[in-house]
Amino acid sequence: SGKASSSSAAVDSAADKLAAVGNTVYFGYDSAVLDGNSQATLFRQAAFLKGNPSLTVTIEGHCDERGTVQYNLALGERRAQAVKLYLEGLGVSSSQLSIISYGEEQPLDSGHSESSWWKNRRSEFKIQ
């Protein structure tokens with residue numbers, strides 16, 4: 001079991017490094033457009049992923065609670081796809097990237113205010 005724990009430690013270390021360069025980007029209301037801050041974060045992520053070609057990540061798309069469940073699942077997918085395409089445009093191999101949408105099902109903040117909703121409109125990266 002020493003091998004499993006060293007593998008787990010390697011993923012934790014890579015996750016820490018990814019978090020250090022930024023593992024979350026945020027979106028405007030009802031939008032999948034990447035703003036300047038998001039693009040800067042993705043530029044750092046692209047450099048990290050290109051320097052670690054054996055890593056694979058899942059890009060999660062998330063939404064706030066407004067809108068229907070079905071609409072938010074589609075919007076979350078558009079957000080994750082926008083991030084994936086941007087990273088590929090920066091030279092990250094598509095084989096390192098997968099996407100999933102959680103819609104409104106995994107909020108970071110369970111509040112019902114604009115500041116809560118802003119935190120929930122995001123894409124996050126999880127190392128596989």
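Of all residues in the range 58-79, those satisfying the criterion of being in a helix (DSSP H, G or I) and surrounded by 14 or more Cβ atoms within 10 Å (Cβ to Cβ) are Tyr71, Asn72, Leu73, Ala74, Leu75, Gly76, Glu77, Arg78, Arg79.
Within the range 90-126, can you find the residues that are among the charged types (D, E, K, R) and either over 17 Å from Thr41 (Cα atoms) or open to solvent by less than 50 Å² (accessible area, probe 1.4 Å) (or both)?
Narrowing the range 90-126 to residues among the charged types (D, E, K, R): 104-105, 109, 114, 119, 121-122, 124, 126.
Hits for the range 90-126 are Glu104, Glu105, Asp109, Glu114, Arg121, Arg122, Glu124.
Could you list, in sequence order, all residues of the range 16-43 that are open to solvent by 40 Å² or more (accessible area, probe 1.4 Å) and either at pLDDT below 95 or within 21 Å of Cys63 (Cβ to Cβ) (or both)? Result: Asp16, Lys17, Ala19, Ala20, Asn23, Tyr26, Tyr29, Asp30, Val33, Asp35, Asn37, Gln39. Answer with yes or no whether Leu55 is modelled with pLDDT of 95 or more and either surrounded by 12 or more Cβ atoms within 10 Å (Cβ to Cβ) or part of a helix (DSSP H, G or I) (or both). Here the answer is no, as Leu55 does not meet what is asked.
Answer yes if at least one residue in the range 97-107 is more than 14 Å from the chain's Cα centre (by Cα) and more than 14 Å from Tyr29 (Cβ to Cβ), and no otherwise.
So far as the range 97-107 goes, yes, one or more of its residues are more than 14 Å from the chain's Cα centre (by Cα) and more than 14 Å from Tyr29 (Cβ to Cβ).
Looking at Gly61, Gly103, Gly76, Gly111, which is the one that is of a type outside the set (Phe, Trp, Tyr) and on the phi > 0 side of the Ramachandran plot? Exactly one residue qualifies, and that residue is Gly103.
The values are calculated or read from the model by the stated rules, or taken from the named source; none is laboratory data. Given the structure is predicted, the values throughout are model-derived calculations rather than measurements. Note that each Cβ is placed from the backbone with ideal geometry, even for glycine, and that neighbours are counted across all protein chains shown. Quick note on the areas: whole protein, heavy atoms, side chains included, nothing else; ligands and nucleic acids left out. Shrake-Rupley method; radii C 1.70, N 1.55, O 1.52, S 1.80 Å.
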